[in-house]
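Enquirer: After the structure tokens below, expect a handful of questions from me.
The values are calculated or read from the model by the stated rules, or taken from the named source; none is laboratory data. Everything quoted here is computed from the prediction, not taken from an experiment. Because the Cβ atoms are built from the backbone with ideal geometry, glycine has one as well, and the counts that use them run over all protein chains shown.
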Amino acid sequence: MSRKGVFIAATMAVLMIVAAVYVTFWLVGQPVSEPTAAPETTPNRTHAAAPKASDASEPAPGSEVIPIKLYVPAGSGRSLATEEQEIQLEDSVQKQVRQVVELLVRRSASFPDGVEVREVFITSQGVAYVDFSPELVQEHPGGTSAEELTVFGLSHTLVVNFPVIKTVKILVEGREIQTIAGHLDLTVPYGRAPDYLRPESERSESRNNETS
């Protein structure tokens, strides 16, 4: 090869090297694009639905009512008067009796404030045992008339409203007591109120029954 050919070949090689270097530096200078992160996916969560209220409302037990009579102190404070009330019809006489006693305790001035009905049960002989909290004795105002109105207001109310009940026995904290205020013997059960304590209308009925 002539000297001229050698020179041309060398020049071409140099140019190729320079071009290669230039391209290399140009590529290095370009910003490296970061890989695009895939959008973060949140796992699907199934939220529990709030419980639905039943569309059909259940009827309240004992929604049917029945009329009853309470015997409470009359205005004179010496006899009983009637008070018409209603109670819910229950599935047992015992539950209905308890309702009546609790209502009487709330409505009658012959029962002291704070008295609670602890238990009620009825024997096969027709004796209704009514167990009260100690406030019946501790907070009772005393006196013959007041004690009579308390005892006979209760017994007369239960005997009149419930034919299955013949007499009523009062207990306090599950125990028999001698008396509430010293005038009536509570070791024995009581039934209908004596004639002088009954409302006037019932006294007339009693006299008519005796005459006939």
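Enquirer: Restricting attention to region 122-145, and to residues there that are of a type in the set (A, V, I, L, M) and touching a helix residue (DSSP H, G or I) at 6+ places or on another chain (Cβ under 9 Å), which single residue is farthest from Ile177 (Cα to Cα)?
Expert: For region 122-145, the residue satisfying everything is Ile122.
Residue-wise test of (1) over 34 Å from the mean Cα position of the chain (by Cα); (2) surrounded by fewer than 17 Cβ atoms within 10 Å (Cβ to Cβ); (3) among the β-branched types (Val, Ile, Thr).
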residue	(1), (2), (3)
Phe121	no, yes, no
Phe132	no, no, no
Val137	no, no, yes
Pro141	no, yes, no
Pro163	no, yes, no
Thr167	no, no, yes
Ile170	no, no, yes
Ile177	no, yes, yes
Tyr196	yes, yes, no
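Yes/no per residue for (1) closer than 15 Å to Leu104 by Cβ; (2) assigned to a strand (DSSP E or B); (3) at pLDDT 95 or above:
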| site | (1), (2), (3) |
| --- | --- |
| Ser155 | yes, no, yes |
| Leu158 | yes, no, yes |
| Lys169 | no, yes, yes |
| Gln178 | no, no, yes |
| Asp185 | no, no, yes |
| Ala193 | yes, no, yes |
| Glu202 | no, no, no |
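Enquirer: Failed condition for Glu135, given (1) touching a residue at least 40 places away in the same chain (Cβ under 8 Å); (2) in contact with a Gly (Cβ under 9 Å, 6 or more places away or on another chain), with all others met?
Expert: (1)
Enquirer: Let me ask something additional. Select from region 70-88 the residues that are exposed (fewer than 14 other Cβ atoms within 10 Å of the Cβ) and either touching a strand residue (DSSP E or B) at 6+ places or on another chain (Cβ under 9 Å) or more than 23 Å from His140 (Cβ to Cβ) (or both) and list them in ascending order.
Expert: Gly75, Glu84, Glu86 - these are the residues of region 70-88 that are exposed (fewer than 14 other Cβ atoms within 10 Å of the Cβ) and either touching a strand residue (DSSP E or B) at 6+ places or on another chain (Cβ under 9 Å) or more than 23 Å from His140 (Cβ to Cβ) (or both).
Enquirer: Any residue at all in region 83-98 that is closer than 23 Å to Pro194 by Cβ and of a type in the set (Val, Ile, Thr)?
Expert: Checked region 83-98: at least one residue is closer than 23 Å to Pro194 by Cβ and of a type in the set (Val, Ile, Thr).
Enquirer: Taking interchain pairs and intrachain pairs at least six residues apart, which have beta carbon atoms under 9 angstrom, with the first residue in region 89-112 and within 20 Å of Ser63 (Cα to Cα) and surrounded by 15 or more Cβ atoms within 10 Å (Cβ to Cβ) and the second basic (Lys, Arg) and modelled with pLDDT of 95 or more?
Expert: Note: pairs meeting the criteria are Glu90/Arg98.
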